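Here's the structure, in structure tokens; my notes come after.
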Amino acid sequence: MEWFHLQKQVSIQNGQLDLRDWHAEDGDVLLLDGEWEFYPSQWLITGNRAQEAGERESTLIQVPGGWNEALNAEEPTPYGFGSYRLILHVDPAEERNYSLRVPSVRTSSELYVNGRLLAGTGRVADTEHEYIAKNLPYSTTFTADENGVIELVIQGANYVDSRNSGIARSIKFGSEQAIAKEMRISMSMQLLTTIIFLMHSAYAFILFLLGNKEKKLLYFSLLILCITLANMLSDYEKLFHQLFYIGSDWDFRLANFALMIGVYALLQCTNHREIRYWRRVHPAYKIVTLGTACLTLFLSPDQIISLFPFYTLLGAIAVVVTIIAIFKSVIKDIRSNLLLLTAFLVLLHHYVWSFFWRESGLSLVYYPFDQIIAMGFLATVWFKQYFNMHANTKEIAATLQRMNDHKDQFLANTSHEFRNPLHSMMNMSQSVLKRERHLLQERSIKELETMSSVGRRLSLILNDLMDVMSLRDGNPRLQKKAVSIQPIVTGVLDMLQYNAEVKSIHISNQIPDDFPPVYADENRVIQIVFNLLHNAVKYTNEGNIAIQAVAKDGKAHIRITDTGIGMDEVMLKRLFRPYEQASTSETMIEGGFGLGLSISKQLVELHGGTLAVSSVLGEGSSFIFSLELADLGALDEVAAAGAFEPIIVPPMLIEDDDSIPTDKTAIPPSLRILEENHGRPCLLIVDDDPVNLQVLEAILPPDEYDTTMVTSGKEALAVLNTKDWDLVISDIMMPQMSGYELARIIRGRLSLTELPILLVTARSQPEDIRGGFIAGANDYVTKPVEAIELKSRIEALISIKRFVREQQRLEMAWLHAQIQPHFLFNALNAVTALSNINLDKMRTLLDEFSHYLRSKFRFHNRDGLVLIEEELNLVKSYLFIEQVRFDERLQVIWEIEDCKELKVPFLSIQPLVENAIMHGVMKRVRGGTICIRIRTYETGVEISVEDDGEGMEEARLQHVLERKTDGKSGVGLINTDQRLKRHFGSGLHISSTLGIGTKVTFRIPY
């Protein structure tokens, strides 16, 4: 440690220093602090010619220190040039090499010894144009003259740094050996500190990448990196510039940028957000700090220097907040945080003293030990946390492993408990089916067959659960024998028929009957094939599934290919892990444990084969597994009967061809519409699971409900306009289109009372239920569905719809029957007036009036459709009467294209015409014109009634079709709009401009 105590200060007076009694051999290093001669705005040496000092005006200046006042006493300035001069007297009897170390002269300098230029940095000049700024430490070695005199002249210039300029730090003088030794020590210490800091920054970053992504590690790494960069740029030997000189501008920018980023990183290394009021201020502080850091990269040195107080303020705030946060942590747990507090205080001590030394101009040997000690404490803290985390992770892993073992054991035990009653149910249902088949209805036979098929599927799932334990323990049960693949695939397809038949899927079993048998456990092969085929059917909504097999190199290679949703690379990597399956939020497909593929892979490998998969997202997947072929003589040993009792399968789905059919029927085979019965509610049931459809069909018998079942939202929308549905019952989790989306689409066309929607969901969380109501559902039931609850909710929703429908019928009846008294009086008055003027016109008016009354009082087919001609005749009668009444104030324009076969709801056009007259043109004194227009298009007919009356404001127009509680809403328009929506899915479209007129339009599709 004696290396750090060899520097001595001497007192220089009047630019002279007598060192003749000084013993340089002792290794002392002198700090040449004191009064130097200074020649402002003068060069003592120009070129190779030295000027006599007496010829120039000089002053005494304190070194180290600024020359601002010396350059201009009236207006101190850092910008300019000048010369420093010092005379040293050493013992002339000693022949010794002396060295001089110049740490910092802002911002360029040249060193002359006895009139010779020995060293310098940058380029000094008396004009800014010729000047080059560069302020790096340098050294030189020399000898005294024969009289023991050493004349030191330092000429400096500065035109960029707005701080105090000139000799900023103490100049060191000593023997060549002493100065060289101090330089080695200083540079070695700074290099050692840099390496240690970079190592800690690197390992903190590596721990962040390899660990649990603890952000404090990342910010700690960034903090150490910023400290190191700032030290290398501006402290002592300026190591960074020794390797890569980047210029004075970027020196300022990078050093202060690193400072601001380090200040931000310092805060992030602590629990500063736990400080009560600071958490409110922190967002603004973060923006200011990071914004200042980024802005610094674009500023000039003068601008950066002007921001030094602001930098200091931001740094001080960060230090204070950090101290408070650390003290709060120490108070909570002093043992865990004491080292952290100590490390921070040691670092704070180092940087406070560095700041003091820098401002005082002292030039000392780089002292790194407080930084190294602090870094050791910090490393201890992080390593301790890491080892604690590692120990906790091991403990958690052990706990999870125990829980996983318990889970597997629980599943295996539960499977054993379920298996016996399940087999009892299956056996009893099969016995009843065999014994009573000739007595049962076809519907009962079908339901018993479904129960048997579902039972076999559940039995295979229970086998998967039990195999989890046996496969993990390494004691699976394998009873190998010669087994034929083709019957196994056929039997599995029988089990999956109810899953496949409700989708637009064509399954092709392309394995030939004479395919050679394999040497395997028959039950395990069934399990493998079932899992793979069930997976293919589950994730394929439409398209093809093909099962193929080839014999090669003594093995049978069975391939199952589908055109389903496919998988991405991430899913492929974890596909065969236990309990892994695609996210239901992405596929909208529920169900399953995620064990089937994992167990299938293990079973195939136990047979000595392999299971591989290839898949493209959105295009489908292909699974291929291999099994050992049996000896050719084993064909006679293959059992004649398959492993399953045969079930009759519709030939349109499962085909034993060599080709896959590509044609698709317009309506999927699952669309089963029972014979309509006017007294039964019409229900549209949507669910992608055929078993759920079977259950709902059993709960809702055909003698009580007219049910139509579809397996997707698209099919539901396709049949939505084919009937006047009383209720839609939809599952939520369905592929391609969820129940939420289906409800939103239906609500875009029909209101809550026009077509109620009942959602069936396995989720009962509040957010799921709220999502259903927001989408437009009227009610929901949770799975498993209780028959009584389901029927009660169905009856409630249907009753509401029928009540609203009855209200509409009453309104329609009122529209039919209503004749305004003043309309009747006016018509009769017109008849009376015409009797004295024009008898022919009077008779015509009576004919039209009688026709109008007959139409209004007709009560049959009030809610149905009539020919367009019949509706137009009613309109013409009404208009004739009104034209007689209003004479020239009412003009009518007809623009009718040919559409004689078109049918419209009764009283759908006449209320629109009456509304246009009474609330449109007749509101004007001069009257107006009504235009009745019917235009035909390829997709349908557009009917519009347009007037040039007073029109409506936008605010009123938005609410014209809303039913008001005060009874002031227009019954005619609202009723017509609702009936059009019920018949055609869309209602009235009204456009109006105040003072110009109104146009009411509706479309009737073909």
Residue 108 meets each of (1) modelled with pLDDT under 90; (2) within 27 Å of residue 186 (Cβ to Cβ) with one exception, condition (1)
Could you tell me whether the stretch 331-342 includes any residue that is closer than 30 Å to residue 34 by Cβ, modelled with pLDDT under 70 and of a type outside the set (Ser, Thr, Tyr)? no
In the stretch 901-926, what residues are buried (at least 16 other Cβ atoms within 10 Å of the Cβ) and assigned to a helix (DSSP H, G or I)? 910, 911, 912, 913, 914, 915, 916, 917, 919, 921, 922
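What helices (runs of 4 or more DSSP H) completely inside the stretch 170-281 contain at least 1 residues that are at pLDDT 85 or above? Spell out the reasoning first.
On the way: elements: 176-210, 215-234, 239-243, 247-268.
Helices (runs of 4 or more DSSP H) meeting the threshold: 176-210, 215-234, 247-268.
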Restricting to strands (runs of 3 or more DSSP E) lying wholly in the stretch 677-755: which have 3 or more residues that are in contact with a His (Cβ under 9 Å, 6 or more places away or on another chain) and touching a residue at least 60 places away in the same chain (Cβ under 8 Å)? none
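Yes/no per residue for (1) assigned by TED's automatic domain parsing to the domain that holds residue 551; (2) at pLDDT 75 or above; (3) over 23 Å from residue 432 (Cα atoms); (4) assigned to a helix (DSSP H, G or I):
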| site | (1), (2), (3), (4) |
| --- | --- |
| 454 | no, yes, no, yes |
| 457 | no, no, no, yes |
| 462 | no, no, yes, yes |
| 466 | no, no, yes, yes |
| 487 | yes, yes, yes, yes |
| 494 | yes, no, no, yes |
| 508 | yes, yes, yes, no |
Flagged in the stretch 436-456 as of a type in the set (D, E, K, R) and over 13 Å from residue 691 (Cβ atoms), in numbering order, are 436, 437, 442, 443
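Can you list the strands (runs of 3 or more DSSP E) found entirely within the stretch 97-163 that contain at least 1 residues being more than 25 Å from residue 176 (Cβ to Cβ) and of a type in the set (A, V, I, L, M, F, W, C)? Quick ask: steps written out before the conclusion?
On the way: elements: 98-102, 108-113, 116-121, 138-142, 149-158.
Counting at least 1 such residues, we get 149-158.
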Based on what the data block shows, is residue 936 modelled with pLDDT of 85 or more and under 30 Å from residue 720 (Cα atoms)? yes
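Going by the conditions given, is residue 802 assigned to a helix (DSSP H, G or I), at pLDDT 75 or above and either more than 30 Å from residue 880 (Cβ to Cβ) or assigned by TED's automatic domain parsing to the domain that holds residue 714 (or both)? Walk me through it before giving the result.
On the way: assigned to a helix (DSSP H, G or I): yes; at pLDDT 75 or above: yes; either more than 30 Å from residue 880 (Cβ to Cβ) or assigned by TED's automatic domain parsing to the domain that holds residue 714 (or both): yes.
Criteria met by residue 802.
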Are any residues in the stretch 539-580 in contact with a Ser or Thr (Cβ under 8 Å, 6 or more places away or on another chain), closer than 20 Å to residue 489 by Cα and basic (Lys, Arg), and if so, which ones? 555, 559
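The values are calculated or read from the model by the stated rules, or taken from the named source; none is laboratory data. Remember, it's a predicted structure, so these values are computed and weren't measured experimentally. Methodologically, a virtual Cβ is constructed for each residue, glycine included, from the backbone with ideal geometry; neighbour enumeration extends over all protein chains shown.
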